[in-house]
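J.: This is the structure I want to talk about, given as structure tokens.
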């Protein structure tokens, strides 16, 4: 007799849970990092798995944006806990609020043991805590001082960060020179690398930059941070020799009346620097004028940059000629946005090298009430002899007269032309431009101001904006230009398609339809 197999009821049967295949675990690290980077991995998503955590951290640390002094201190702590992450950082930004302040020490003597961070990392710090300090998107940066969270009970030799921003491993030096030495009773009970014991000063910022040996882009807000970077002995150390892009911006409230004439002269100490961007600096130019010390002045053909941007400036002074003359052949892109400039600015444009491919000049404000201000004429600036390589030209403000517009079609390499607000347009001038043979221009951007007039009685009017046509460029002329561009195979962009109701609502234009 064959005994039958007992079959358990369906309700009591335990099926083995089938785990989903982990495809990410099978990919090589370089592919995973690129996937995380493209997906803009956030702090909430960092703990995907035990294997993927190091790669996720590496992705987050590639672009570090610190928006306060507290975050700067926490980032210093995370780098001390995991020193290998310092070499992952490619983009580093710091600033906006809580500006760092220079310490009382001589900046040239602030860190004798500047190479002191080792790779052993005896300080025990939770991965979640050390990985969260740098995220610009994380508004709730934790500053928990609980001893258990900090791992404050570690024994043996512990790396210490002195109070003036010195990254130091030499406990003997710490105990004799640091103002915090009284807090460490013995080597066995020395406090670990703790954020609340750090001072977010210029020395700490420089010490951090010394360890970001592979950083390629710097973004610094506020004059104190700018001056922490623009220290001649520090720049001559060669720790930032890989930096290719620098963005420097002032913030409201940190004006001290001191000039910035040595800024660009000091930036020349960075051999790999290609792109420089300045924001919000009023009247103070970042290079020396004829009246200042010649030793801080830019020498002709001495700076091998690729692009230079001045944005949100108040006034461009005559010092700009020293920048233009200093640029070596190979310079490609110039962008300047300001309210006004001195009378010789257009003349100084002839000092630019002939390799320039992109010029973006915007002066004044967009509002239709802007009267144009005293600005020089650029009618004779953009010639084939001076700009043989120019491919894209954007002009804003009353810089050209209508009669000069057709001559822009003679530029041999020009592919894109954008005439923004307050460039006096003329229907006939644009038709003459489009009739050029051969016409190399592929697109023309035309901006028509559409501000709504406000009054004290009604500061928020309900009326929809309407295009404000030029004296020689009304709706009829615009339609004629549109048809001529279509025949010539030139794409018209900007706000003109909206003004003519030729645009598609889905393409992102701000339409002016009734």
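The values are calculated or read from the model by the stated rules, or taken from the named source; none is laboratory data. Computed from a prediction, not measured in an experiment: that's the story for all the values here. Note that each Cβ is placed from the backbone with ideal geometry, even for glycine, and that neighbours are counted across all protein chains shown.
J.: Need the failing condition index for residue 345 against (1) surrounded by 17 or more Cβ atoms within 10 Å (Cβ to Cβ); (2) out of contact with any helix residue (DSSP H, G or I) (no Cβ under 9 Å at 6 or more places or on another chain), just the number.
T.: Only one criterion in (1) surrounded by 17 or more Cβ atoms within 10 Å (Cβ to Cβ); (2) out of contact with any helix residue (DSSP H, G or I) (no Cβ under 9 Å at 6 or more places or on another chain) is unmet by residue 345, namely (2).
J.: Please find, among 375, 390, the residue that is in contact with a helix residue (DSSP H, G or I) (Cβ under 9 Å, 6 or more places away or on another chain) and buried (at least 16 other Cβ atoms within 10 Å of the Cβ).
T.: Only one candidate qualifies: 375.
J.: Now for a different question. Condition first: part of a strand (DSSP E or B) and surrounded by fewer than 18 Cβ atoms within 10 Å (Cβ to Cβ). Now tell me which residues in region 313-338 satisfy that.
T.: Filtering region 313-338 down to residues part of a strand (DSSP E or B) leaves 313-316, 327, 333-338.
Listed by number, the residues that qualify are 314, 315, 333, 335.
J.: Are there any helices (runs of 4 or more DSSP H) wholly within region 167-252 with 2 or more residues that are modelled with pLDDT under 90 and over 12 Å from residue 94 (Cα atoms), and if so which?
T.: 171-177, 202-211
J.: Hey, does region 458-470 have a residue that's at pLDDT 90 or above and either under 36 Å from the mean Cα position of the chain (by Cα) or surrounded by 14 or more Cβ atoms within 10 Å (Cβ to Cβ) (or both)?
T.: No, every residue in region 458-470 fails to be at pLDDT 90 or above and either under 36 Å from the mean Cα position of the chain (by Cα) or surrounded by 14 or more Cβ atoms within 10 Å (Cβ to Cβ) (or both).
J.: Still on this structure, I have one more. Can you list residue pairs whose Cβ atoms sit under 7 Å apart, with the first residue in region 472-497 being under 12 Å from residue 443 (Cβ atoms) and the second being assigned to a helix (DSSP H, G or I)? Count only pairs 6 or more apart in sequence or on different chains.
T.: Matching pairs, first to second residue: 485/434; 488/434; 490/434; 492/482; 492/485; 496/478.
J.: Same structure, new question: If I filter region 257-284 down to residues being closer than 19 Å to residue 315 by Cβ and part of a loop (DSSP other than H, G, I, E, B), which single residue comes out as modelled with the highest pLDDT?
T.: Filtering region 257-284 for residues that are closer than 19 Å to residue 315 by Cβ and part of a loop (DSSP other than H, G, I, E, B), the one modelled with the highest pLDDT comes out as 261.
J.: Quick one: would you say residue 301 is assigned to a helix (DSSP H, G or I) and at pLDDT 90 or above?
T.: For residue 301, the condition - assigned to a helix (DSSP H, G or I) and at pLDDT 90 or above - is not met.
A quick yes/no check of all residues on (1) closer than 23 Å to residue 432 by Cα; (2) buried (at least 18 other Cβ atoms within 10 Å of the Cβ); (3) modelled with pLDDT of 95 or more:
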site	(1), (2), (3)
364	no, yes, no
368	no, no, no
379	yes, no, yes
383	yes, no, yes
398	yes, yes, no
405	yes, yes, yes
409	yes, yes, yes
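J.: Of the conditions (1) surrounded by fewer than 18 Cβ atoms within 10 Å (Cβ to Cβ); (2) modelled with pLDDT under 50, residue 87 fails just one. Which one is it?
T.: (2)
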